[in-house]
Amino acid sequence: MNNLIDIMQLSVEEIDELIATALDIIADPDKYAESCKRKKLATLFFEPSTRTRLSFEAAMYELGGQVLGFSAANSSSAAKGESVADTVRTVGCYADVIAMRHPKEGAPLVATRTAGVPVINAGDGGHNHPTQTLADLLTIYRKKGKFSGLTIGLCGDLKFGRTVHSLICAMSRYEGVKFVMISPEELRVPRYLITDVIDRKGIPYEETTSLEEAMPKLDILYMTRVQRERFFNEADYLRLKDSYVLTPEKLVPAKSDLIVMHPLPRVNEISVAVDADPRACYFDQVLNGKYMRMALILKLLEVKV
Ligand code: CP
């Protein structure tokens, strides 16, 4: 594999290898401190980001490498009309690996054709976000010790929430998984994921509008933000944005070993009072994202430590 555009490019065995590398980095960070010396990562972010861009940059620095890039389309020559293909062909002359976020679905795939170096999809429109899924998988593994036999509640904007799409694909490969998809009617998970992934694999699932009814069944509750930037109509966003707000009271009927996840940023969908609950794992995901991105960079650059 030379790129990571879709989480399904990684086999279950490759996910296991990345998790093993991430756990080894956590146990012995010094061993990796110079593993990417003289290598450069370019972060090309045509859309805003805090976690993904900065965790990629922290990951490369902790591997002894260097970082260059831009954090907004308007600070690059994209603002003058340069194509994605030409931008990455240029950056491929300067960097050994590229992490790219773009508002258009498929833009990182287009980038792979001219980059000449590995390209990582750091989020493309409402489509996919495979490295968030790597962060999510390490979090699930560290909290649950397994991926099989889990009932996963996905709550909020399941239509535009790209992290949900990648997580459904990744978790669909494990035995005994069930999905409970909790959303307003207008923000249900795209049909292609039901037909091509969930139904095709015979995975049990339900779609509901009620978080309260779903709560007692769940091993994982994956909350999401309503993705304002993907809406065509501000009135629809305002009507739907507070459909689900997780509070300590709503967690009362939940399992004692539930884990509450969120890719962040949150707006209003998890009350800050939930942060003190030991089941809240969303800041663990932030840290785990850095370790999994370190493991991914090592893999794509074929660095052996
Ligand atoms: N989870 C995530 O992608 O966060 P950022 O948008 O801050 O990168």
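The values are calculated or read from the model by the stated rules, or taken from the named source; none is laboratory data. Not measured: the values here are computed from a predicted model. Note that each Cβ is placed from the backbone with ideal geometry, even for glycine, and that neighbours are counted across all protein chains shown. In case anyone asks, the SASA skips ligands and DNA or RNA and just uses the protein heavy atoms, side chains included. Shrake-Rupley method; radii C 1.70, N 1.55, O 1.52, S 1.80 Å.
Looking for whichever is within 15 Å of the ligand (Cβ to nearest atom) and either under 26 Å from T43 (Cβ atoms) or within 20 Å of the chain's Cα centre (by Cα) (or both) here; the options are L221, L158, L193, L167. Which one fits? Give the derivation first.
On the way: L221 fails: within 15 Å of the ligand (Cβ to nearest atom); L158 fails: within 15 Å of the ligand (Cβ to nearest atom); L193 fails: within 15 Å of the ligand (Cβ to nearest atom).
Matching residue, one of L221, L158, L193, L167: L167.
Could you list all residues from the stretch 42-52 that are touching a residue at least 40 places away in the same chain (Cβ under 8 Å) and within 12 Å of the ligand (Cβ to nearest atom)?
Taking the stretch 42-52 first, the residues touching a residue at least 40 places away in the same chain (Cβ under 8 Å) are 42-47, 49-52.
Residues satisfying the conditions are T43, F45, E47, S49, T50, R51, T52.
Read through the list (1) part of a helix (DSSP H, G or I); (2) closer than 24 Å to L137 by Cα; (3) away from the ligand (no atom under 16 Å from the Cβ), then give the number of the only condition that L238 fails.
Answer for L238: the failing condition is (2).
Within the stretch 262-288, count every residue that is within 14 Å of the ligand (Cβ to nearest atom) and out of contact with any helix residue (DSSP H, G or I) (no Cβ under 9 Å at 6 or more places or on another chain).
Keep residues of the stretch 262-288 that are within 14 Å of the ligand (Cβ to nearest atom), which gives 262-267, 269-270, 281-288.
Among the residues that remain, those that are also out of contact with any helix residue (DSSP H, G or I) (no Cβ under 9 Å at 6 or more places or on another chain) are: 269.
Here the count works out to 1.
I'd like the full set of residues that are of a type in the set (S, T, Y), open to solvent by 40 Å² or more (accessible area, probe 1.4 Å) and modelled with pLDDT of 95 or more, limited to the stretch 224-260.
Step one: of the stretch 224-260, the residues of a type in the set (S, T, Y) are 224, 237, 243-244, 247, 256.
Cutting the leftovers down to open to solvent by 40 Å² or more (accessible area, probe 1.4 Å) gives us 243, 256.
S256 - this is the single residue of the stretch 224-260 that is of a type in the set (S, T, Y), open to solvent by 40 Å² or more (accessible area, probe 1.4 Å) and modelled with pLDDT of 95 or more.
List every residue pair whose Cβ atoms lie under 6 Å apart, where the two residues are 6 or more positions apart in sequence or sit on different chains, the first residue falls within the stretch 147-171 and is over 18 Å from I259 (Cα atoms), and the second residue, located anywhere, is charged (D, E, K, R) and within 16 Å of the ligand (Cβ to nearest atom).
Matching pairs, first to second residue: F160/R230.
Can you tell which of G176, G116 is free of Cβ contacts under 8 Å to residues at least 40 places away in the same chain, in contact with a Gly (Cβ under 7 Å, 6 or more places away or on another chain), more than 23 Å from S256 (Cβ to Cβ) and among the small types (G, A, S)?
Working: G176 fails: more than 23 Å from S256 (Cβ to Cβ).
Only one candidate passes the filter, namely G116.
Which one of these does S210 not meet: (1) among the hydroxyl-bearing types (S, T, Y); (2) in contact with a helix residue (DSSP H, G or I) (Cβ under 8 Å, 6 or more places away or on another chain); (3) surrounded by fewer than 19 Cβ atoms within 10 Å (Cβ to Cβ)?
Condition not satisfied by S210: (2).
Just to be sure, is I203 outside any loop (DSSP other than H, G, I, E, B), free of Cβ contacts under 8 Å to residues at least 40 places away in the same chain and away from the ligand (no atom under 16 Å from the Cβ)? First the steps, then the outcome.
Details: outside any loop (DSSP other than H, G, I, E, B): no; free of Cβ contacts under 8 Å to residues at least 40 places away in the same chain: yes; away from the ligand (no atom under 16 Å from the Cβ): yes.
Taking the combined requirement at face value, the residue does not satisfy it.
Given the residues L150, L138, L63, which is the only one that is open to solvent by less than 10 Å² (accessible area, probe 1.4 Å), aliphatic (A, V, I, L, M), within 16 Å of the chain's Cα centre (by Cα) and at pLDDT 95 or above? Before you say what the answer is, go through the steps one by one.
Numbers: L150 fails: within 16 Å of the chain's Cα centre (by Cα); L63 fails: within 16 Å of the chain's Cα centre (by Cα).
Of L150, L138, L63, the one residue that is open to solvent by less than 10 Å² (accessible area, probe 1.4 Å), aliphatic (A, V, I, L, M), within 16 Å of the chain's Cα centre (by Cα) and at pLDDT 95 or above is L138.
Within 19 Å of the chain's Cα centre (by Cα), within 15 Å of the ligand (Cβ to nearest atom) and open to solvent by less than 10 Å² (accessible area, probe 1.4 Å): is that true of T133 in this structure? Walk me through how you get there before you give the answer.
Numbers: within 19 Å of the chain's Cα centre (by Cα): yes; within 15 Å of the ligand (Cβ to nearest atom): yes; open to solvent by less than 10 Å² (accessible area, probe 1.4 Å): yes.
For T133, the condition - within 19 Å of the chain's Cα centre (by Cα), within 15 Å of the ligand (Cβ to nearest atom) and open to solvent by less than 10 Å² (accessible area, probe 1.4 Å) - is met.
Considering each of G123, G145 in turn, give the residue that is under 30 Å from R228 (Cα atoms), at pLDDT 95 or above and out of contact with any Cys (no Cβ under 9 Å at 6 or more places or on another chain). Step through it out loud before you land on a result.
Working: G145 fails: under 30 Å from R228 (Cα atoms).
Of the residues listed, the single one that is under 30 Å from R228 (Cα atoms), at pLDDT 95 or above and out of contact with any Cys (no Cβ under 9 Å at 6 or more places or on another chain) is G123.
Quick check, is Y94 among the aromatic types (F, W, Y), more than 16 Å from the ligand (Cβ to nearest atom) and over 21 Å from A170 (Cβ atoms)?
yes
When the stretch 26-41 is examined, which residues are found to be under 24 Å from the mean Cα position of the chain (by Cα) and either within 16 Å of the ligand (Cβ to nearest atom) or polar (S, T, N, Q) (or both)? It would help to see each step written out before you state the result.
Just the residues of the stretch 26-41 that are under 24 Å from the mean Cα position of the chain (by Cα), to begin with: 26-27, 29, 32, 36, 40-41.
Within the stretch 26-41, just L41 meets the criteria.
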